[in-house]
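The block underneath contains the structure these notes are about, expressed in structure tokens.
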Amino acid sequence: MLGLPQHGQQEPQRSPLEFFRAIEWVADTLLEAYHDLDPSWRYGAKRNYFIRIMVNDGCFLLEFVKAVKSLNTGKRGSVNDYAPNDPVFSMRGLISKYACIYSDVLAMENQIPLLVLKQLLTVKNPYITNKWINSLVLGFFNFNDDGELFNHDDLCMHPLDIFHRSLCGPRLKSTEWHGWVDTVPSAVKLGEAGIHFKRSNTNKLCDIDFKNGVLSMPRILVGYGTKKEFLNLMAFEHLHRDIVTDVSVTNYVFFMDNIIDTEADVELLKKREVIEHTLGTNMEVANLFNNMKRGAMMSPYGKLAQVKGKVNIHCKKTLYKWRASFIQTYLRTPWVFVSLVVAVILLIATLLQTVYTVLPYYTKG
């Protein structure tokens, strides 16, 4: 625990006043992080209340992160000071509350500056680094640092910032302009045009590419919390227009809306291991992506704009247009296909009959 002593805990405890002072030291910086905050929060009782909020919320988040880490590694000893029936930090409490708290941690309105976590931890260890704090929160989201996510030793803004980096990759100085690109056809129509779907090597949104007729896409697990996660990430991107990544969440959602029109598109992507979901039906997944992009626009910058351009060029090639037209006309239903086969057989039979009728005439001659 960070705060009051717990039964059975051996390491020395710190008083709540020490944590209060640690946050008070950076209170002005923290207040600047909250947009349109009333000036009255900077002074007197409201300022002290703000500091208490930061201490309480920060300590809870750190303790929860530590408990989840212990649960994931099977080391329950580090949090076994809690009663077996504790509503949050017992094993059953963690399992039952995890999804709800995980969702709250990602909510835009609930963001806690990582500076708060650093100040609280430095009370016990003054050598805590920014990189360590970043990695701690990253581990909570079950992602690993590949050495490229964080720029040098800069402290990230808050948990949502960390989560955004884990999906979209490292920040960039700029991305290339690829122009305004038309929408791409649905997954089924892309398949009819000869495009094959393949699961990428990672689950990062930036790991998407189109090469030699193969569209590589990251695997995504769609659940009941996916919409809320994506909307919070899109709101984060809207508020931080200066953030540049190879693929943004907004562009990804826009792209997925393009290639998913019906449940048949979802089923195709499931077969190719691009989508996995825990929703009731494939149509629910289609509706989720179709409804999320309202009010958003696809950026002409970045990797996805380039991928869309390549896909559209592929689909406009004459050979692939003929292929798609043939599939849509003759292979859409089994009965049309059977009729086509029968017609071909009759044509061949008629041709053979003609040959055998004419052949004796030339043989006698």
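The values are calculated or read from the model by the stated rules, or taken from the named source; none is laboratory data. Bear in mind that the values here come from a model prediction, so they are computed numbers and not experimental data. Please note: Cβ atoms are built from the backbone with ideal geometry, for glycine as well, and neighbour counts cover all protein chains shown.
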Exercise. Output the number of residues of the range 158-191 satisfying the condition of being in a loop (DSSP other than H, G, I, E, B) and closer than 28 Å to ALA286 by Cα.
Key: 10
Quiz item: Checking ILE128 against (1) surrounded by 12 or more Cβ atoms within 10 Å (Cβ to Cβ); (2) without any contact (Cβ under 8 Å) to a residue 40 or more places away in the chain; (3) assigned to a helix (DSSP H, G or I), which single condition isn't satisfied?
Solution: (3)
Practice problem: Confirm whether LYS97 is over 21 Å from the mean Cα position of the chain (by Cα) and in a helix (DSSP H, G or I). | Solution: yes
Practice problem: Please name all residue pairs, on different chains or six or more residues apart, with Cβ atoms under 7 Å, provided the first residue is in the range 31-48 and is without any contact (Cβ under 8 Å) to a residue 40 or more places away in the chain and hydroxyl-bearing (Ser, Thr, Tyr) and the second residue is surrounded by 10 or more Cβ atoms within 10 Å (Cβ to Cβ) and outside any loop (DSSP other than H, G, I, E, B). | Solution: SER40/LYS46
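Looking only at the range 241-265, count every residue that is of a type in the set (A, V, I, L, M) and either under 16 Å from PRO218 (Cβ atoms) or not assigned by TED's automatic domain parsing to the domain that holds GLY194 (or both) and tell me the total.
Residues that pass the stated criteria total 6.
So that you can scan it fast, the table gives a plain yes or no per residue for (1) part of a strand (DSSP E or B); (2) surrounded by 15 or more Cβ atoms within 10 Å (Cβ to Cβ); (3) in contact (Cβ under 8 Å) with a residue 60 or more places away in the chain:
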| residue | (1), (2), (3) |
| --- | --- |
| ASP265 | no, yes, yes |
| LEU268 | no, yes, yes |
| GLU276 | yes, no, no |
| GLY280 | no, no, no |
Quiz item: Does any residue of the range 212-221 turn out to be farther than 25 Å from SER70 by Cα, crowded, with 17+ Cβ neighbours inside 10 Å and not assigned by TED's automatic domain parsing to the domain that holds THR278?
Solution: no
Practice problem: List the number of the failed condition for ASN232; all other conditions in (1) among the polar types (S, T, N, Q); (2) assigned to a helix (DSSP H, G or I); (3) at pLDDT below 95 hold. | Solution: (3)
